[in-house]
Structure formats: C-alpha cells, structure tokens
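The values are calculated or read from the model by the stated rules, or taken from the named source; none is laboratory data. Because the structure is a prediction, the values reported are computed rather than measured. As a convention, Cβ positions derive from the backbone with ideal geometry for all residues, glycine included, and neighbour counts pool all protein chains shown.
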Amino acid sequence: MKNIVAIVGKEMRLYFASPIIYVMAAVFLLIADFLFYSQISLYSIMRFQQNLSQMSIHQVVFQPSFMNMGIILLLMVPLLTMRLISEEKKGRTLELLLTSPVSIIEIVFAKFLAAFLVYLILLTMTLHVPLILATLTTVSIKPLISSYLGLAMMGGVFVSFGLFASTLSENQIIAAVTSFGILIGLWLIRAGDTGGETPMDAVLNFLSLVRHLDNMVKGLIDTRDISYFISLTTMGLFLSHRIIESTRWK
C-alpha cells in the first residue's frame, strides 16, 4: 500500500505541476457548461410552449448533456494517460521501477488510480449545474446519481485502456493516438442501433459502451452494466500488466 500511495502522490504532483491539466479543466468546464446551457434553453422553450408532455428535466437536460459529455471525456482521457508509462520508458526510469521493491501490479494500479482521480476531479467540476437547478426546480436525485456513477465507471474503462496504450510506446503522441483509436472503437460499437434481434445483435449490444452508459444515464442501475464496466477496466489493467511484464524480460 505504501508503494501505491507513493506512486500516486508522485503522479498527482506531476499532473498539477503541468499547465496542461489546468487548460484541460478549463476547456472541459466551458464545453460542459455550454452543453448544459443549450439543453436548459431547450427545456425552457419546450416548457413555455407546453410541449413537455411527460418528459422530465432529467430527460431533456441531463440525459443528452451527459451523453455528449462522454464524448468530450473520450477525447480528453488520452491526454491524461499518454505519459503514464511512455514517459517512464523514454526516461529509462521504468527499468528502475521494475528493479525496485515494487510489484508490477502496484505500478499499474497506482498509475491507473492517479489518472482516474484526476478524471473524477474533472467530472465533479460539473456538479454545480445540477445543484443550481435543484434550487430552481425539481430534480430527481436517483437518475443523477446513476448518471454520474455511469460516467465515473466509463472513466475507469477509458483510463485503463489509455494506460494500456501508454505501455505500447515511449512516444506520448503515439500513445495518445492509440488510446483514442481504442476508445472511439469501443464508443462506436452499436452506437447506431439497428434494432435487430439476431445472436450477433445480442453480442454487439453487450459490447456496446454507449448502450451501457445510456442505461445508467437514464437512471437504470443494472448489475449487467456495472459488471460490463468493471470487466473492461480489469481487461485494460491486465493488458497493461502483461506488456510491462514482457518489458522486464527484454
């Protein structure tokens, strides 16, 4: 545990010593606020025209905003994770880590945890919108909790595969591009649902990150969605472990 805490502390200091994280945070917050503002404006127009019928503020404002926010986070996570192992490889410090009394599992988990904590900080920066809206109108708490849980678990998947991409090259740009390719691939699986019911459709539905996130953003907390995110996160960490382990024997 001491080793994990030490590595996480080091990574967090590196993150917040760089101006990039502050630029990312500012850009993300501006885009997120714009997404919320656009949907709130739409909600106000629909309410004025009395076209809401049975639709709640969560359906009109939060659902589309959170799904669009997922795309923005997909674009940003590779920038968070690209240096995690690539920088160690380029600086020849990975070999020192591997010969120190630190296990590969500790290295992988600590690197993952540091980037994931930064991701969660970015995510919590958007909480001011539902808090402000809650003072003005009725906001359902359960769908909000489910939505943020879904985005957090999605972040675990993104960060774990971003870490995996970072183990593949000492070039941070290559790591970022590889990470983006993997994440966009996960996002596009079944993004356009054809409504088919064949066995292949069932497989694609299970693999579709968008469908699992959409369920949680709608307020549905299902063990199948949770197990999906946990399984993919574990896979990303396992692949990262295997690549680093193979480096030790080269």
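Within the stretch 215-237, residues that are of a type in the set (A, V, I, L, M, F, W, C) have Cβ atoms under 9 Å from residues that are surrounded by fewer than 21 Cβ atoms within 10 Å (Cβ to Cβ) and not in a helix (DSSP H, G or I) in these pairs: Met216/Asp222, counting only partners at least 6 apart in sequence or on another chain. Scanning the stretch 199-250 for residues that are of a type in the set (Ser, Thr, Tyr), closer than 28 Å to Ser140 by Cβ and in a helix (DSSP H, G or I) yields Thr223, Ser227, Tyr228, Thr233.
Applying the criterion of being aromatic (Phe, Trp, Tyr) and surrounded by fewer than 16 Cβ atoms within 10 Å (Cβ to Cβ) to the residues of the stretch 212-250, the residue that is nearest to Tyr148 (Cα to Cα) is Phe238. Being at negative phi and modelled with pLDDT of 95 or more narrows it down to one of Gly236, Gly196, so name that one. Sole residue among the options that is at negative phi and modelled with pLDDT of 95 or more: Gly236.
Of the residues in the stretch 164-172, at least one is within 23 Å of Ser240 (Cβ to Cβ), hydrophobic (A, V, I, L, M, F, W, C) and in a helix (DSSP H, G or I). Against the test of being free of Cβ contacts under 8 Å to residues at least 24 places away in the same chain, more than 24 Å from Phe34 (Cα to Cα) and not small (Gly, Ala, Ser), the options Arg92, Arg83 yield a single qualifying residue, Arg92.
There is at least one residue in the stretch 185-204 that is surrounded by 16 or more Cβ atoms within 10 Å (Cβ to Cβ) and within 24 Å of Leu84 (Cα to Cα). When the stretch 182-193 is filtered for residues that are part of a loop (DSSP other than H, G, I, E, B) and either closer than 23 Å to Gly156 by Cα or modelled with pLDDT of 65 or more (or both), the ones remaining, listed by number, are Ile189, Arg190, Ala191. Scanning the stretch 67-108 for residues that are over 20 Å from the mean Cα position of the chain (by Cα) and among the basic types (Lys, Arg) returns Lys89, Lys90, Arg92. Reported count of residues in the stretch 121-139, each being over 19 Å from the mean Cα position of the chain (by Cα) and closer than 13 Å to Ala152 by Cα, is 0. Looking across the stretch 52-69, the residues that are of a type in the set (Gly, Ala, Ser) and surrounded by fewer than 21 Cβ atoms within 10 Å (Cβ to Cβ) come down to Ser53, Ser56.
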